[in-house]
Amino acid sequence: MSDSQRVALVTGSARRIGAVIARQLHGHGYRLALHAHRSSDALQALAFELEAARPGSVLALEADLRDPEAVPDLIEQCVAQFGRLDALVNNASNFYPTPVGQVSVTQWDDLFAVNARAPFFLAQAAAPHLRRQRGAIVNLTDLHGTQPLRDHPVYSAAKAALEMVTRTLALELAPQVRVNAIAPGAILWPELGKSDQAKQALLERTPLARTGTAEEIATAVRWLLDEAPFVTGHTLRLDGGRTLT
């Protein structure tokens, strides 16, 4: 395994969009540090799959991003394994409703810890290594970081904070490190389910009249990492045009 091959850390990469991002980056030559918290079996299965394709190219890491001590340790383990870090993809996210009048401090702290605090401190720990490689960061925000989602005020606020983290880090880490974000619209339906009526209503508000795909998100991540050298501080809205309506 060549030490010149680029290295990316992808959080929340065991399943769903994160796993698709990981597969696409790996397919384009990246060595990967894959992170998960609760999805241990899926993480190990993905690591085995990618290792079989290219031995020595994958490191599987489990950590709770709500634990402040675990966050910089992820960066240290990645660099110890591969000797460098070229890209950080902050994909991990917590998502659940918090209707006003029922919100607890624990819920506030939980949603902000994973959706805003951890990406910032991962970036801070990664910055010296990314500067050496003139690397890049991509944060996964959400359409609802700018357009509030009913019954999800804390989630929406946390994703709004991540949008500002993206912009401030782009300023602070320039010119060596580029920092951008992707704000998806409807890509994968929530695992807890969504009624057919709610799905249809959402699609009617989407000019392209369909959901996006995880592969489209992964392609955008790779473009921002590899093919957008003059783009920083930008949030790319992959929402099928929903912000137009």
Keeping the other protein chains in place, figure out the carbon and sulfur percent of the accessible area of the chain, with a 1.4 Å probe.
54 percent
Cut-off 10 angstrom, C-alpha nodes, Gaussian network model of the chain. Which of Ala214, Ala87, Ala201 fluctuates the most?
Ala201
Between Val154, Val100, Val165, find the one with the highest GNM mean-square fluctuation for the chain; connect C-alpha pairs within less than 10 Å.
Val100
Enclosed volume per residue, in Å³, of the convex hull spanned by Cα atoms of segment 1-150:
110 Å³
Selection from Trp223, Gly233, Leu208 lying farthest towards where the dipole of segment 203-245 points positive, charges on Cβ:
Leu208
Report relative contact order for the chain in percent, whole number only (criteria: Cα-Cα under 8 Å, sequence separation at least 6).
19 percent
Averaged per residue, the 1.4 Å probe accessible area of the chain, protein heavy atoms only, in Å², is roughly 48 Å²
Given +1 on the Cβ of Lys and Arg, -1 on the Cβ of Asp and Glu, and no further charges, what dipole in debye does the chain carry about its Cα centre, rounded to the nearest 20?
580 debye
Relative counts (whole %) of C-alpha pair distances in segment 1-82, using bins that are 10 Å wide
20, 55, 23, 2
Most fluctuating residue given options Ala136, Ala170, Ala53, as computed from a GNM of the chain linking Cα atoms under 10 Å:
Ala53
Cα-only Debye scattering, segment 132-245: base-10 log of I(q)/I(0) at q = 0.12, 0.15, 0.18, 0.19 Å⁻¹
-0.46, -0.69, -0.94, -1.02
Computed over the Cα atoms of segment 80-147, the Rg and Dmax in Å are 15.2, 49
Considering only DSSP states other than H, G, I, E and B, which GluC sites (Glu not before Pro) in segment 1-82 qualify as loop sites with at most 10 other Cβ atoms within 10 Å?
Glu69
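The values are calculated or read from the model by the stated rules, or taken from the named source; none is laboratory data. Keep in mind that what you see is a predicted model, and the values were worked out from it rather than measured. FYI the Cβ positions are ideal-geometry reconstructions off the backbone, even for glycines, and counts take in every protein chain you see. Keep in mind that these areas ignore ligands, DNA and RNA; they rest on the heavy atoms of the full protein, side chains included. Shrake-Rupley method; radii C 1.70, N 1.55, O 1.52, S 1.80 Å.
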